[in-house]
Amino acid sequence: QVQLVESGGGLVQVGGSVRLCCAATSGRTFSSYSMAWFRQGPGKEREFVAAINRNGRSTSYTDSVKGRFTCSRDNAKNSVFLHMNTLKPEDTAVYYCAAALYGSTWDLSGKYAYWGQGTQVTVSS
C-alpha cells in the first residue's frame with residue numbers, strides 16, 4: 001500500500017499559478033510507481049490531467065492543459081508535482097494524485113490503484 005497526500009491547493013486568480021504536491025509514503029520505492037493527476041470539476045466526472053513515468057523522463061497531458069501545466073517528480077523526496085500556470089476558471093476542480101504499478105494506458109483511471117484524498121483548486125477573478 002502507498003499513502004498519497006496532496007497539498008498546495010487553494011484559491012487563485014485567473015491567470016495565476018499554483019504548484020500542487022503529492023507526497024507518497026510506501027514500503028516500495030517511489031520509482032516503482034507511474035504517477036498521475038486527475039481532477040473532478042463541479043458537475044463533471046473525474047478526468048485525466050497529467051501523468052509521469054517512473055523515472056520522470058516521460059510525461060503525458062490532456063489537451064486542455066498542454067502548455068500550461070507541467071508534471072514533475074522527485075523520487076528522492078517521494079513526491080510528484082503539478083505546476084499549473086495561466087489558470088482558467090475551468091481549471092476549478094478537486095485535484096487527485098494517483099499511483100500505479102501496472103498498465104500502459106496513462107489516461108485511464110482504472111490503471112491507478114492508489115489515490116490521494118484530493119485538494120481543491122478554485123480559480124476565480
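The values are calculated or read from the model by the stated rules, or taken from the named source; none is laboratory data. Since the model is a prediction, treat every value here as computed from it, not as a measurement. Counting neighbours? That spans all protein chains shown, and the Cβs are built from the backbone with ideal geometry, glycine included. Note: areas computed on protein heavy atoms with side chains; ligands, DNA, RNA excluded. Shrake-Rupley method; radii C 1.70, N 1.55, O 1.52, S 1.80 Å.
Toward the positive end of the charge dipole of region 73-125, about the Cα centre and with charges on Cβ (Lys, Arg +1; Asp, Glu -1), which of Leu87, Asn75, Thr119 goes farthest?
Asn75
Per residue, what accessible area does the chain have, given a 1.4 Å probe and all protein chains present, in Å²? Could you put the intermediate results ahead of the total?
Working: 6330 Å² over 125 residues.
Heavy-atom SASA per residue in the chain reads 51 Å².
Let me confirm the definition first: pairs of Lys residues in the chain, 8 or more apart or on different chains, C-alpha distance under 21 Å. How many are there?
Numbers: Lys44/Lys66; Lys44/Lys88; Lys44/Lys111; Lys66/Lys88.
Value for the chain: 4.
Using a 1.4 Å probe over the heavy atoms of the protein chains, calculate the carbon and sulfur portion of the accessible area of region 1-79 as a whole percent.
Values: 1800 of 4200 Å².
Whole-percent figure for carbon plus sulfur exposure: 43.
How big is D for the chain, in µm² s⁻¹ as a whole number, if Stokes-Einstein is applied with the Kirkwood radius of its Cα pairs at 20 °C and 1.002 mPa s? Before the final figure, lay out the partial values.
Details: Rh = 14.2 Å.
Answer from the Stokes-Einstein relation: 151 µm²/s.
Roughly how many debye, to the nearest 20, is the charge dipole of the chain about its Cα centre, given +1 on each Lys and Arg Cβ, -1 on each Asp and Glu Cβ, and no other charges?
Details: 13 positive and 8 negative charges, 62 e Å.
Taking the Cα centre of the chain as origin, the dipole is about 300 debye.
What's the extension gain from Arg19 to His83 if we count 0.36 nm per residue and subtract their Cα-Cα distance? Could you put the intermediate results ahead of the total?
Details: separation 64, 0.36 × 64 = 23.04 nm, distance 0.44 nm.
Gain on stretching Arg19 to His83: 22.6 nm.
For q = 0.20, 0.26 Å⁻¹, what log10 I(q)/I(0) does region 27-78 give under the Debye formula with an equal point scatterer on each alpha carbon and no solvent?
These q points yield log10 I(q)/I(0) values of -0.73, -0.99.
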